[in-house]
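A.B. asks: Please read through the structure below; I'll follow up with questions.
The values are calculated or read from the model by the stated rules, or taken from the named source; none is laboratory data. Keep in mind that what you see is a predicted model, and the values were worked out from it rather than measured. Positions of Cβ are generated from backbone atoms using ideal geometry, with glycine treated the same way; all protein chains shown enter the neighbour counts. Surface areas here come from the heavy atoms of the whole protein model, side chains and all, with no ligands, DNA or RNA. Shrake-Rupley method; radii C 1.70, N 1.55, O 1.52, S 1.80 Å.
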Amino acid sequence: MKHARVLFNGSELDVTVEENGQLKSKADGQLINETDVTWLSPIKEPGTIFALGLNYADHARELAFEPPKEPLVFLKGSNTLTGHKQNAYRPDNIDFQHYECELVAVIGKEGKNISREDAMDYVAGYTVCNDFAIRDYLENYYRPNLRVKSRDSLLPIGPWLIDKDDVGDITDLRVTTHVNGELTQDGTTADIIFDVPFLVEYLSKIMTLKPGDMIATGTPEGLKDMQPGDKVVCEIEKIGALETYIVSEQEFYGDKY
Amino acid sequence: MTNNPIVKGKLVCVALNDASQFEAMQAEFNEAPYKSAPTQPVLYFKPHNTWNTEGATVEWATSEGAAAESMVVGASLAVVFGEECCRVSQDEALNYVGGYSLVHDFSLPEVSYYRPDIKGKCLDGSAPIGSVVVPAADVADPQALTVVTKVNGETVSEMPVSQMVRGVAELISMISYIMTLQPGDVIAIGFPGQRAPIKQGDKVSSAIAGVIELNNVVGRV
């Protein structure tokens, strides 16, 4: 089942996404057309957002890095989250902002010291995120730092959370990004270096994982600069296609700019 | 572990903000892997599993069932936001502060600042926050505050806010241009560069004289 959260007539609704694409309110069964809603992040109470750097063998090569021997994990604030078909902004006066299409495992059960063998019992399901990065802001301190990776709106996520059992095997899913209709990133989760069971085990040795925590598993090669006006679609086979519109900093912040 | 009632969304900490540490590290900053000194505040999150309370016993870190060799603690003034704070100037920054408290950051020793220190900084219950938020109106000038930390009654650090690389208003402004801060978000504005080593069973107490205190005990494995 696909679980989403939308804004409909000014209220936040928990919905399921039906076979025909219609949305069905979990509260009263009302059927709603997608065109009548604003999509929100599918995770109602977001917990810790983990993201992986350099976790695809091909992407590490692209950035001229040796594949890491240990996961490169960084955290993102909940301010970064936005939904499907929403705006994300390009900061003023930068040279390079790229998308990163990523498979996200969402934790469904609290656990600490979880073994690799048991790890999938703690995963509720999956979604797709676009973990934008501003390369201009990289510095060699807690790299990639919060200025690069924890900006408002720069983690679109969704469109929905799909139950783990509806996806099955995640070890060879096609990962693509289209910018304005052009295929710019085309990889497979088969190139993931540290997989979901490994990451659940690794992180839960350090800290307790809780429902609503998310693990964004990194991105394959195929980086491209983004400009206001661009439409980016990040898609993962069997999970979903997440659409995002790039706007300028001024357009995004409006009166607060 | 007990979730703290004060911090609700994000707990953002500022590293390398002790001016004396920053000066002392200049040579190191110019070498690999850093290559040059940071031009921006060096920030890290303490995620929600770390939030803890006044009086709490903080677990000693373990890895694969074995006790960690060493742990350290630092204390910081905690700026607690009272209203949404997005892209504010340094001059108006303090208007968004609901109040002030204290944060203890228990962690593994800060060995390197090159990569995000998930292993060192994300330990369960490792970020206790004071039991009260002192209203901003009762603190005339946060720059005039000094955070004193004692381990087993002995003073291990005195960190005046005035001796930080960046002050409270400057940090609020800079961070608010990266991320919108919400009511209940907290910024720990800076810790002593020399984190205090601790042992299992130690009592760690920090205070801003006449304003607030924070007391924790280090657990035993």
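A.B. asks: Among the Cys residues of the protein assembly as shown, which have no other cysteine Cβ under 4.7 angstrom away?
C.D. replies: Singleton cysteines: A:C129, B:C13, B:C85, B:C86, B:C122.
A.B. asks: Another question, then. By average Cβ neighbour count within 10 Å, what is the ranking of B:76-82, A:24-30 from highest down?
C.D. replies: Ranked by mean Cβ neighbours within 10 Å, highest first: B:76-82, A:24-30.
A.B. asks: Which length gain, in nm to one decimal place, applies between A:E110 and A:E19 when the Cα-Cα distance is subtracted from 0.36 nm times their residue separation?
C.D. replies: Gain on extension, A:E110 to A:E19, equals 29.7 nm.
A.B. asks: If I build a Gaussian network model for chain A, linking alpha-carbon pairs within less than 10 angstrom, which residue out of A:Y141, A:Y202, A:Y245 has the largest mean-square fluctuation?
C.D. replies: A:Y141
A.B. asks: For A:G181, what is the net charge nearby, where nearby means another residue's Cβ is under 15 Å from its Cβ and Lys, Arg count +1, Asp, Glu -1?
C.D. replies: Once positives and negatives cancel, what remains is -3.
A.B. asks: Same structure again: Summarise the partner chain shielding of B:111-120 as one whole number: the mean count of Cβ atoms from other chains within 10 Å of each residue's Cβ.
C.D. replies: Per residue, the number of nearby Cβ atoms from other chains is 6 on average.
A.B. asks: Short version: which residues of region B:153-193 lose at least 50 Å² of accessible area, all chains versus chain alone, 1.4 Å probe?
C.D. replies: B:I178
A.B. asks: A follow-up question, please. Mind ranking A:S41, B:S162, B:S205 by accessible surface for me, highest first, 1.4 Å probe?
C.D. replies: Largest to smallest exposure gives the sequence B:S162, B:S205, A:S41.
A.B. asks: Still on this model: Could you sort out which of A:K85/A:K149; A:K44/B:K46; B:K46/B:K199; A:K109/B:K121; A:K69/B:K150; A:K24/A:K164 sit more than 27 Å apart by Cα distance in this structure?
C.D. replies: Where the Cα-Cα span goes over 27 Å, the pairs concerned are A:K69/B:K150.
A.B. asks: Using alpha carbons only, how many angstrom separate the centre of region A:1-79 from the centre of region B:123-190?
C.D. replies: Computed from Cα coordinates, the inter-centre distance equals 33 Å.
A.B. asks: Next question. How big is the B-A contact in terms of buried accessible area, both chains counted, 1.4 Å probe, rounded to the nearest 100 Å²?
C.D. replies: Values: alone 10400 and 11910 Å², together 18840 Å².
What B and A bury together is about 3500 Å².
A.B. asks: Oh, and also: Under a Cβ-Cβ cut-off of 15 Å, what is the net charge of the residues other than A:D230 that fall near it, where Lys and Arg count +1 and Asp and Glu count -1? It would help to have the intermediate numbers written out before the result.
C.D. replies: Values: positive: A:K85, A:R90, A:K224, A:K231; negative: A:E100, A:E182, A:D225, A:E243, A:E249, A:E251.
The answer is -2.
A.B. asks: Continuing with this model, one more query. Given all pairs of different Cα atoms, what value in angstroms does the Kirkwood hydrodynamic radius of region A:61-100 take? Kindly include the intermediate steps, with their values, before the conclusion.
C.D. replies: Working: mean 1/r = 0.0723 Å⁻¹.
Averaging 1/r across every pair of different Cα atoms and inverting gives 13.8 Å.
A.B. asks: List, by residue number, every residue in region A:34-48 with a reduction of 10 Å² or greater in accessible area between the chain on its own and the complete protein assembly, 1.4 Å probe.
C.D. replies: For region A:34-48, once contacts with the other chains are taken into account, A:G47, A:T48 lose 10 Å² or more.
A.B. asks: Continuing with the same structure: Which value, in Å², gives the accessible area per residue of chain A when a 1.4 Å probe is used on the protein heavy atoms?
C.D. replies: 39
A.B. asks: Leaving out same-chain residues fewer than 8 places away, which aspartates and glutamates sit with a Cα under 14 Å from that of B:K35?
C.D. replies: By straight Cα distance, B:K35 reaches A:E139.
A.B. asks: Oh, and also: For region A:185-230, what class follows from the C-alpha gyration tensor (a ≥ b ≥ c being the square roots of its eigenvalues): rounded when a/c is under 1.5, otherwise prolate if a/b is larger than b/c, else oblate?
C.D. replies: Oblate, since a/c reaches 1.5 and b/c is not below a/b.
A.B. asks: Treating region A:41-256 as a set of equal point scatterers at the Cα positions, no solvent, please give the Debye-formula log₁₀ I(q)/I(0) at q = 0.15 Å⁻¹.
C.D. replies: -0.91
A.B. asks: Let me ask another. Across peptide A:201-208, how many C-beta atoms of other chains are within 10 Å of each residue C-beta, on average?
C.D. replies: 5
A.B. asks: Using 0.36 nm per residue, how much length does the chain from A:E66 to A:D225 gain when fully extended, once their Cα-Cα distance is taken away?
C.D. replies: 54.9 nm
A.B. asks: Pop a pseudo-label 7 angstrom from the Cα along the beta-carbon direction at both B:A24 and A:N33 and give the gap in nm to one decimal.
C.D. replies: Here the modelled spin labels are 6.7 nm apart.
A.B. asks: Turning to a different aspect of this structure: Would you mind giving the mean number of other chain beta-carbons within 10 Å of the Cβ of each residue in A:67-75, as a whole number?
C.D. replies: What the average comes to for A:67-75 is 3.
A.B. asks: In Å, the Kirkwood hydrodynamic radius of the protein assembly as shown over pairs of distinct alpha carbons? Don't skip to the answer; put the middle values down first.
C.D. replies: Values: mean 1/r = 0.0435 Å⁻¹.
In the protein assembly as shown this quantity evaluates to 23.0 Å.
A.B. asks: Roughly how many Å is it from the Cα centre of region B:8-30 to that of region B:34-93, as a whole number?
C.D. replies: When both Cα centres are located, 12 Å separates them.
A.B. asks: Right, here's the next one. Using only C-alpha positions, report the orientation-averaged shadow area of the convex hull of region A:39-151, nm², one decimal. Spell out each step's value before the answer.
C.D. replies: Values: hull surface 34.0 nm².
Its average projected convex-hull area is 8.5 nm².
A.B. asks: If Lys and Arg each add +1 and Asp and Glu each add -1, what is the summed charge of the other residues whose beta carbon sits under 15 Å from the beta carbon of B:K35?
C.D. replies: With Lys, Arg at +1 and Asp, Glu at -1, the neighbours total -1.
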